[in-house]
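Just so it is clear, none of the values below were taken in a lab; they were calculated from the coordinates. For clarity, every value in this text was computed on a predicted model and none was experimentally measured. So basically every Cβ, Gly included, is an ideal-geometry build from the backbone, and we count neighbours across all protein chains shown.
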Amino acid sequence: MLRPFICLLALFITVCVSAQDTPLPAKDKFHLFLLVGQSNMAGRGVVEAQDSVVNPRVLMLSKDGKWVPAMDPMHFDKPSAGVGLGKTFGKIIAEANPGVTIGLIPCAVGGSPIDTWKPGVFYPATKSHPWDDMVKRVELALPAGTLKGILWHQGESDAQPRLAETYATKLHDLVTRLRDLVKSPNMPFIAGQMGMFEGVPWSPEMVLVDQAHRDLPKQVPHTAFVTAEGLHHKGDKVHFDSAAYRELGKRYAAAYLQMTK
């Protein structure tokens, strides 16, 4: 009975804060981060009380394009959206940069293959255009702040025959196109590892996609790789549990701080 109550309370708080205009800092003090990929970036963890606690220096761009205090679920790609890695990441980056406010731009789409992250491509499963929809949100966000990094977590949908072997090339192309979009050839880009869950063996295609993620920092400047070693799934053998998402947020933050120190 407690979990449904917490979720309803979180929804109520979200509605309340969304209806308000959140004061924004100066553009150079508002550091933005783009969250892209599929469901493990969007987050599918169970929302708990701690996930509804807001930090006044960590904001998110809501579904309707307003800057509101960040809380889970941040994404809105599917009704199953829940706890993700973004809020924890934002909190740590804010703590490391006193006087700066963090703005998170959630754009992940559950189940989306990397080929859907191209201009004009329609993704039937969510009746959306992942790339085009992201572009609209980025264009809406950038006048208010300064983009500082791109977080990517995706790959399960491409761990398939005839797709996995071309994933690395497509990933490199994606990094280039994202950097072109924001007019920053050295924009930090961090890729997270797919779930390495105990008792869940990887197919050869999963190994290929994982290798593309691991090799990215060696092949593309200003990129980083975040491991998912030791983290647990929520019971479906695909998505991380809430604690794992929070840990992933810490690992993404550590990687970002390391590559930008």
Checklist outcome for this item: Of all chymotrypsin sites (Phe, Trp or Tyr not before Pro) in the stretch 116-220, the ones in DSSP coil with at most 12 other Cβ atoms within 10 Å are 122
Checklist entry - Where in the stretch 104-182 are there trypsin sites (Lys or Arg not before Pro) that are in a DSSP coil and have at most 10 other Cβ atoms within 10 angstrom of their Cβ? => result 127, 162
Item to check | Dimensionless Rg over Rh [the stretch 83-157; C-alpha; Kirkwood] | outcome: 1.01
Checklist entry - Does the stretch 172-261 come out rounded, prolate or oblate by the C-alpha gyration tensor, with a ≥ b ≥ c the root eigenvalues, rounded set by a/c under 1.5 and, if not, prolate when a/b is larger than b/c and oblate if not? => result prolate
Item to check | Charge sum, other residues only, whose C-beta stays under 13 Å from residue 129's C-beta, Lys/Arg counted +1 and Asp/Glu -1 | outcome: 0
Next on the checklist: For residue 91, give me every one of the lysines with a C-alpha distance below 27 angstrom, ignoring sequence neighbours fewer than eight places off in its own chain.
Outcome noted: 27, 29, 63, 66, 78, 136, 148, 183, 234, 250, 261
Checklist entry - Quick one, which of (1) 86, 40, 33; (2) 48, 47, 36; (3) 56, 39, 38 is the actual Cα extents along the principal axes in Å calculated for this model? => result (2)
Item to check | Computed helical MRE - 222 nm, the chain, DSSP H runs ≥ 4 contributing -39500 (n - 2.57), nearest 500 | outcome: -11500 deg cm²/dmol
Checklist entry - Which longest uninterrupted range of the chain lacks any GluC sites (Glu not before Pro) assigned by DSSP to a loop state (not H, G, I, E or B) and surrounded by at most 10 other Cβ atoms within 10 Å? => result 1-197
Item to check | 9 Å beta-carbon shell around residue 249, net charge (K/R +1, D/E -1) | outcome: +4
